[in-house]
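The values are calculated or read from the model by the stated rules, or taken from the named source; none is laboratory data. As the structure is a prediction and not an experimental result, all values here were calculated from the model. Because the Cβ atoms are built from the backbone with ideal geometry, glycine has one as well, and the counts that use them run over all protein chains shown.
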Ligand SMILES: Cc1cc2nc3c(=O)[nH]c(=O)nc-3n(C[C@H](O)[C@H](O)[C@H](O)COP(=O)(O)O)c2cc1C
Ligand code: SF4
Ligand code: FES
């Protein structure tokens, strides 16, 4: 099995490492922050992050340095950094580990990002369920404040940065960056339409950067070891660095695996993950969290980088890889995910709100043996009417399980419908409402 | 009531934000920790603290599923039923719990000790099936563990089986 | 050299039609300009875009995906396809299909039917068979309140109602509760909705999800006959549409953008329309029998008797023995004709109207200092102001729509609001303007004089006096400065309970304004020496140098719908139409010659004087039109005695009021809904009132009664219609009423200002700036204040069933600390007493009421009035009596 150098998980994989400030410093922690404050201008930090090719790990994969560059330099009022620690995408659990096991790595990344964009305040928006993670972060912030890394005059310079933990209260949509901002402002977590973008009109309508936990954790390493080093890892030029893939489902060794981008799904699932948990072969997998379209065993050799996965008709998303063995009903799998999307649609846009409940009801009916001819065409049509017609990307996400399972496992749907047809003749037609 | 009891905490929270309303979720979470749910009185009080109308607090509270607007049991058991956990036995877990507690999902035991809910993904997909009880996660559950956890909770209010800082897979111990 | 920047227009093509629009225009608005109607639900021009319904999608060249035209701003050269794009058409179909999925399709029982956006768009875009065969989610129907019903199954979740309630009204009573398809519009708590009841949510809902319960199931829109007219309640003068079926009032609403209110209304306007057709309306003329009961008589007889007896008094004792009172709720035509009748036919100058209760306190200083008796600013100037100073008014409760302009200025345009007001800035279910204030100074109801002093003093002392005043009116500001020196900061701080630095701050902000508007409300206008306070506020404008700057000025908030008109029609002691002062011989003569009549030479008399003279027998006949002094003044004023003493009392009324019960002859008059005419609103705009329903019973418009009476009395001043009278008014008051969408405010008369600055100010400057020290707060007593309520206007509205469902009785309002101090329970009873008597009232807790005080709505003051003592302002004869002090016990 190939061995890859770990970057983000390195510390925590050392036995006994608990992520205290002391331990973190011993492994070279906060050197990057010192270096930045001492030697680099904000513009130079942004330049380095640009050159590293780092792209967002939260789902959309937007180049981080470019995002930082959009923040107006000479804006008179405050600016903000928001760390997106909402991690609610089904199949994703990397940020949780990064926060609970090595909180200072994240804090250092946050502080450098704040310095780069000129934000005196950062909020870590962590999902409400992660009580433990929040406590660990709070403690780490106190430690860092005590050591002079956080506060009004960091390490004796005139740079002042405050970091606060802000707990959510149970809403997947608050991971969407503008919904996160609304929620942080104390409102319902409804996404805002864009433009304007957060970079100019974000938190409290002030320039704001929203970055995922993993994204920010990469930053100290880029500063320490150089943009070129980072850019050489993975599949340059578009997918640089490592990624933590969250492996779940029917595999032997589920968990977080950090590998350079560009490793294949086969390697992740069958080597790192130890292969399928039983003798049943692989039937299909989700490559990037619940929002990513399903792929099939035919796609095992696709490289796990942004472009390759996109070419295969799906996306790398949040890095959650969920494996399903033969015998798993894909109709059921789509139904389970649709329940999630129905439950989490914020309700702002008509197509997403109404579509999710309609699609869910059709899937439930098909699964319960009430499928009818025409259902599949209707499903596809409804999905198309949602895709691209909503305020946020949730609308696109919610149709992907349905469309992709329909694409690869249509026969399973058809079988259920045929079976239903066969029994229905005795039970009579389900009434149809007409206007 | 909140104001009297948590005066300092509230003042500290308010200091974190340039706009008062941002303290909404921290205060709603506080209210829930205090009473187990967010009462009408608490919403009114939060409105007064934040200079909002009670409706503004209410509309926000109803958006977030962790906030209970009605009283619930002492221990709120929330089982993740999303696909990833379902692939490794979330549905069985729910049955065990229903069996053991003698209630259905959405109900509270008659001694007001346990409320059973199912929820969507809690970020434990590699360590399912799992449940959250109040602030704590319990992962990689099997029937025996569940029985023990519930007994512990009944007896001691807490259980040593709860998860610590999360890491999966566990680091390989140094080869001896 | 700074370059002149003209905003460039942007070119955009929509469905092939090119148009140029200013930057910032939304695509949907540009499309409307070229006649392309883009279907929409969530967009509304009054609201910030939210882009949630996705109905307005269009194709825009060079942009991926379809874009929402309601949130996309036009860029130069943009090419938009709407109706011409099959993709767009398909998208709209699909959005409608989604909306209809969970919609109950209950059009037959929906009051929105026939004017429903969803119905209209469905008609245009959807097939007749639905593909939705699943279960619809169902919400139970809810009654928000006795006035509003919600049917959330019909809701399209556009959130217009919620956004309106927040963005426009600043009330924030509505809450979208829940998430996803289960979101429904609710309100807080397990009780009926408690809000301003502006009806905005009902009006702005594009479907039938929120409807009025006052008119449920009574109509289809096309059965209704509509009349555009003006609201009869407050001085804001909102335009609304009365809708009637078979001569019954069914509904009132206001079209988007209509009138000075731009389609917004308040509770009184939206839900208060039933007052006109209350069953207690007088239907026939009445004559009192010796035993005190009334008998119905034909009009001929009533007029005959009235004319004969009034003339009898005139012949026996001269015109001076006759006096008249009229309500400012009448039309301009009626007010004008009344004073003409009294003067020319009955030969008396003893005329007064309800403007005497406070409005005159504003008019006199305006005339004196700046030569204009009207606002020199408009509602538009309020919206455009950068600094607003509100003195003595929770504007929302007296003049809600002027209040909306203030809210718009502050919330949307970032104006800074300064408030001197008794209320505390505590949020409640009715918006409290002080919560928007950037500098609020709490003022005791007796402390406005001192507070304004402090403000003027602060401005002078921190050298904020404008250079032109400093240079050209040295004497003016020096004199004020020296008078104010005698009132020390220590005393002021002690009396007002506020640090001087707050006044310094407020004065500075006021001084730095580019466009400053001062609005003055009842707290000042009804206060003793209210006119002095207004004059001093005008001084403040002068000192800051704002008086000449466009967009700056001072507005006196008119409480009743036609207070301003009543003054201008000369229905007031000491004024002829114009208003022309009775002491201005030349101007009076001009009017006399226009009328081709002799003017009476006798003295005039104000309302308190008239009552006094009646009590002692100098006034022997009283003609009272719509006024009800017995209910408008406290018992200590002895109105009863005056009414009983007069030999002839003619009352012209809608209802058999307390006063009318004493009348010898009662003449039934029409309400505003049954007649034509004009009202002049608070900012001076003259607006047409139109007859919407037939007169109730045998009632007649007031003007027609005056006209008929003049004929009976053998001195015909006869008119065939209100229009004829209006023509005459225009000839008497040159340029009166340029009817237009907005008033053209008069300018400050520079010669008057100069005269004032260089001498006239001297007359009373020492007295104006000297105020008695406030007595220290008594621990044993509570200051009780009669206040306005948003849900009522005078006592007319207490006959409106809609408003009674919101507020049907008066409750004592005090804050929780105060309630606890007196041992009172919310909902319990309190016994209030003082030297004059004792009454029991229900208690309600309201935290915006300051410590040491309690409020009570004046509209329900029937019993509580005995606790009050009236004091007549020696200067303007305004009866001041809205506050007293009492001891309190729980009961
Ligand atoms: C429905 C939805 C949910 C999302 N949830 C998360 C999340 O839980 N965590 C996260 O980091 N990003 C999430 N995102 C992505 C964010 O919108 C945003 O792109 C990201 O935080 C940017 O950070 P990055 O550039 O570092 O990836 C979500 C996006 C959508 C549309
Ligand atoms: S797409 Fe769905 S989740 Fe996103 S804003 Fe619209 S309704 Fe909310
Ligand atoms: S009108 Fe544009 S999205 Fe509703």
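Among residues of segment A:2-35 being more than 14 Å from chain B (Cβ to nearest Cβ), touching a strand residue (DSSP E or B) at 6+ places or on another chain (Cβ under 9 Å) and surrounded by 13 or more Cβ atoms within 10 Å (Cβ to Cβ), the one that is modelled with the lowest pLDDT is A:4.
So for segment C:73-81 (the condition being crowded, with 21+ Cβ neighbours inside 10 Å, closer than 30 Å to residue A:345 by Cβ and more than 12 Å from ligand 3 (Cβ to nearest atom)), does at least one residue qualify? Checked segment C:73-81: at least one residue is crowded, with 21+ Cβ neighbours inside 10 Å, closer than 30 Å to residue A:345 by Cβ and more than 12 Å from ligand 3 (Cβ to nearest atom). For residue B:44, the conditions (1) within 14 Å of chain A (Cβ to nearest Cβ); (2) outside any strand (DSSP E or B) are fulfilled apart from (1).
Residue pairs whose Cβ atoms lie under 6 Å apart, separated by 6 or more positions or on different chains, with the first residue in segment A:185-199 and within 8 Å of chain B (Cβ to nearest Cβ) and within 21 Å of residue A:62 (Cβ to Cβ) and the second surrounded by fewer than 23 Cβ atoms within 10 Å (Cβ to Cβ) and at pLDDT 95 or above, are A:189/A:182. Taking segment A:363-381 as the range and being crowded, with 24+ Cβ neighbours inside 10 Å and either under 23 Å from residue C:54 (Cα atoms) or under 30 Å from the mean Cα position of the chain (by Cα) (or both) as the test, only A:363 passes. For segment A:133-153, the set of residues classified as farther than 18 Å from residue A:22 by Cα, in contact (Cβ under 8 Å) with a residue 24 or more places away in the chain and either within 7 Å of chain B (Cβ to nearest Cβ) or out of contact with any helix residue (DSSP H, G or I) (no Cβ under 6 Å at 6 or more places or on another chain) (or both) consists of A:134 only.
Every test in (1) part of a helix (DSSP H, G or I); (2) surrounded by 13 or more Cβ atoms within 10 Å (Cβ to Cβ) is passed by residue B:4 save one, and that test is (2).
Among the numbered conditions (1) away from ligand 2 (no atom under 16 Å from the Cβ); (2) under 30 Å from residue A:179 (Cα atoms); (3) at pLDDT 95 or above, the only one that residue C:98 does not meet is (1).
The residues of segment A:207-240 that are within 12 Å of ligand 1 (Cβ to nearest atom) and under 24 Å from residue A:268 (Cβ atoms), listed by number, are A:212, A:213, A:214, A:215, A:216, A:217, A:218.
So is residue B:60 in a loop (DSSP other than H, G, I, E, B), more than 30 Å from residue A:277 (Cβ to Cβ) and within 14 Å of chain A (Cβ to nearest Cβ) or not? Judged against the criteria, residue B:60 is not a match.
Listed here are the residues, each with its yes/no results for (1) within 11 Å of another protein chain (Cβ to nearest Cβ); (2) touching a residue at least 12 places away in the same chain (Cβ under 8 Å); (3) part of a helix (DSSP H, G or I).
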| residue | (1), (2), (3) |
| --- | --- |
| C:42 | yes, yes, no |
| C:65 | yes, no, no |
| C:70 | yes, yes, no |
| C:84 | no, yes, no |
| C:92 | yes, yes, yes |
| C:98 | yes, no, yes |
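None of B:93, B:83, B:52 is facing another protein chain (nearest Cβ under 10 Å), under 30 Å from residue A:285 (Cα atoms) and more than 17 Å from the chain's Cα centre (by Cα) except B:83.
Of the residues making up segment C:103-113, one or more are within 18 Å of residue A:347 (Cα to Cα) and touching a helix residue (DSSP H, G or I) at 6+ places or on another chain (Cβ under 9 Å).
Applying the condition of being away from ligand 3 (no atom under 11 Å from the Cβ) and in contact (Cβ under 8 Å) with a residue 40 or more places away in the chain to segment C:46-63 and asking which residue is nearest to the other protein chains (Cβ to nearest Cβ) yields C:48.
Is it the case that residue C:224 is out of contact with any helix residue (DSSP H, G or I) (no Cβ under 8 Å at 6 or more places or on another chain) and either in the same structural domain as residue C:691 (by TED's automatic domain parsing) or farther than 18 Å from residue B:62 by Cα (or both)? Taking the combined requirement at face value, the residue satisfies it. When residue A:203 is tested against (1) farther than 30 Å from residue B:28 by Cβ; (2) touching a helix residue (DSSP H, G or I) at 6+ places or on another chain (Cβ under 6 Å), exactly one condition is not met: (1).
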